[in-house]
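Following: one structure in structure tokens, then a few remarks.
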Amino acid sequence: MKKTSRLLSEVLLVALALAFLSPIYIMVVNSFKSRAELYENALALPSSISFEYYSKALEKMNFFTAFANSLYVTAISVVIVVILASMTAWMLARTDHKLSKIIFMVFVATMLIPFQTLMMPLMQVMDWIRTNLHIPMLNTREGLIYMNVGFHASMAVFLYHGFIKSIPVALEEAATLDGCSKFGLFWRIVFPMLKTITVTIAILDVMAMWNDYLLPSLTLSDKALRTIPLSTFYFFGEFTIVWNLAMAGLTLTIIPVVIFYVFAQKYIIKGIAAGAVK
Amino acid sequence: MNKTKDRAWFALFTVPLIFIFTTVVIIPFIIGIYYSFVKWDGIPANPKVFVGFDNYVQIFKDERFLASAWHTVKFTVLALLSVNVLGLVFSLLVTAKLRVSNAARTMFFMPNLIGGLILGYIWQFLFTDAMEFIGSKTGLGHIFFNWLLSPQFALYAMVVVFTWQMAGYTMIIYIAGIQGIPDEMMEAAKVDGANLWQRITKIIFPLLMPAFTICLFMTLSGAFKIYDVNLSLTKGGPNNATEMFAMNIFNEIFGYGHYGLGQAKAIVFFIIVAVLTLTQVAITKKREVQM
């Protein structure tokens, strides 16, 4: 008796989870259907599998270019955030003067500022740098990387700072006595100890940067530089009513996310929990 | 000597990030305050005319802005409730020690990884096409119709999409809270004859207070600042009925070219977000003392 009720609850839970993901099912099945078939029944499985719309969507979205752009921008931004924020946070946490405290407070306080408050003046500053210092901050992937680093700095410093405060200094002191330079001390002794929080920060930042639409839409105007959210935006604007093609395009954009989830699931879920509880 | 050396190391480690951070966040924030006091159309050749607090006065006469504020509040309250109720239910279900718990958890969390823009597009299809189809097949046309065409239901559509995105996220936080409750306590309650409902309301809920606080305010600030889903699902329509705060600011600046007025709105937006977040921190701190 108890066994059957247990089995029943298991079946119900799986059914609920599947129902929850039904939008994804609807998206995928309709990406294979002809127009007539789609309008006849949006929920049914396709009568035949054809990748016609996928190849068209790949081409119209410039998918591989967009994917490469997203990967390039996200990967480099995250690596720079991790390197610079861990170094900064370590110095701020391990020096006891007023300046460190003030700098840290400024980092924390700016976490309150929403992006919309900064977007317009930021564009003015970047435009000023471009015209007066001739550094191409706008309409380049590197400029976007620079701004990504700036926006994700405070959260990363905050999380690293909290984590570093919780590990004892003794080990670092011993290494200093052994004649290790600060640089060697940080990279050989301290950074390896920060592994868990680094994974958390990297995952939170990868998700935020990969999915970001607003900042890239303001900085990148060249078609060839578009990231995945940007090319989805233009693609969808052009083909809204051509639903099968649109659904094929959306399915394409989700494939990399699903692959990432399958491989990094354990870290993602742990990272989310750790990042939220701060 | 040693002190100079320490200072040099300090600078080497911190200056690169502080420099980037200053140019991207601090300087724009400060000149943003200045922009909120001028009248300017965004064209560099045109003059920025200082108008004092005019922009701020105008905001409170701007009916479309006030309407967007009201939509945001309505949306936020509804989203807060539905995200947290669903997240909590999911977390209770997947911590019930069933063999399929992990698989279910993975599936519930999945939508959270997809960006807001893409989520909005997926649901645009569901509301426009799949819903109409279900309505015509089941005869429940008064529930299953294209929600995006009705001013009232378009806002509910936003709540549905946001809930789909965020429920898994709050679930993860609630799970961490539930797993922190010692098994012996639950066993003891069972032995004492507490039924499932009593165990949930008398033991789990009170011990979940910290998780509640985190989730409530995470959803609060997420819902309040929503933009991507708004853009891709409804574009603020129909008839501006779902235009939220963030979108109103964007349109004012980049759509109408009212750079000064839009920036003043952006500053007001910042103040509201800051007050909400600081209240959160204060409440969380207070709870920590009690625990």
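FYI, it's all coordinate maths here, none of it is from the lab. Here the structure is a predicted model, which means the values were calculated and not measured. Counting neighbours? That spans all protein chains shown, and the Cβs are built from the backbone with ideal geometry, glycine included.
Summary of computed values
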{"read-out": "Hull-based mean projected area of the stretch A:53-277, where the convex hull spans the alpha carbons, in square nanometres", "value": "15.1"}
{"read-out": "Shielding score for B:26-39, defined as the mean number of other chain Cβ atoms within 10 Å", "value": "4"}
{"read-out": "Range of Cα positions in the stretch B:152-291 per principal axis (Å), largest first", "value": "67, 33, 20"}
{"read-out": "Whichever aspartates and glutamates have a C-alpha closer than 19 Å to that of residue B:202, once near sequence neighbours (fewer than 8 apart) are set aside", "value": "B:183, B:184, B:187, B:192"}
{"read-out": "Rotationally averaged projected area of the protein assembly as shown (alpha carbon convex hull; nm²)", "value": "31.3"}
{"read-out": "The protein assembly as shown, helix-only ellipticity at 222 nm - DSSP H runs n ≥ 4, -39,500 (n - 2.57), divided by all residues, nearest 500", "value": "-23000 deg cm²/dmol"}
{"read-out": "Scaled radius of gyration (Cα, divided by 2.2 N^0.38 Å) that chain B gives", "value": "1.27"}
{"read-out": "Span-like helix ranges in chain A, DSSP H, alpha carbon extent 30 angstrom or more, Kyte mean at least 1.6", "value": "A:63-94"}
{"read-out": "Number of partner chain Cβ atoms within 10 Å, mean per residue of B:167-175", "value": "3"}
{"read-out": "Relative packing of peptides A:84-96, A:118-130 - highest average C-beta neighbours within 10 Å first", "value": "A:84-96, A:118-130"}
{"read-out": "Under 19 Å from the Cα of residue B:61 - aspartates and glutamates, other chains or at least 8 residues apart", "value": "B:243, B:252"}
{"read-out": "Theoretical FRET efficiency, 1/(1+(r/R0)^6), r = Cβ-Cβ of residue A:165 and residue A:224, R0 51 Å, to 0.05", "value": "0.70"}
{"read-out": "Peptide ranges A:22-28, A:77-83 listed from the most packed, as the mean C-beta count within 10 angstrom indicates", "value": "A:77-83, A:22-28"}
{"read-out": "Separation of the residue B:202 and residue B:143 label points, Cα + 7 Å toward Cβ, nm", "value": "3.6"}
{"read-out": "Partner lysines for residue A:3 [C-alpha distance under 23 Å; skip if fewer than 8 residues away on the same chain]", "value": "B:97, B:190"}
{"read-out": "Packing-based ranking, highest mean first, of B:272-279, B:70-77 given that Cβ atoms within 10 Å are counted", "value": "B:70-77, B:272-279"}
{"read-out": "Peptide B:127-137, shielding by other chains (average Cβ, 10 Å cutoff)", "value": "3"}
{"read-out": "Relative contact order (percent, whole number), chain A, Cα cutoff 8 Å, 6+ residue spacing", "value": "31"}
{"read-out": "Lysine pairs in the stretch A:53-277 with Cα atoms under 30 Å, if 8 or more residues apart or on separate chains", "value": "16"}
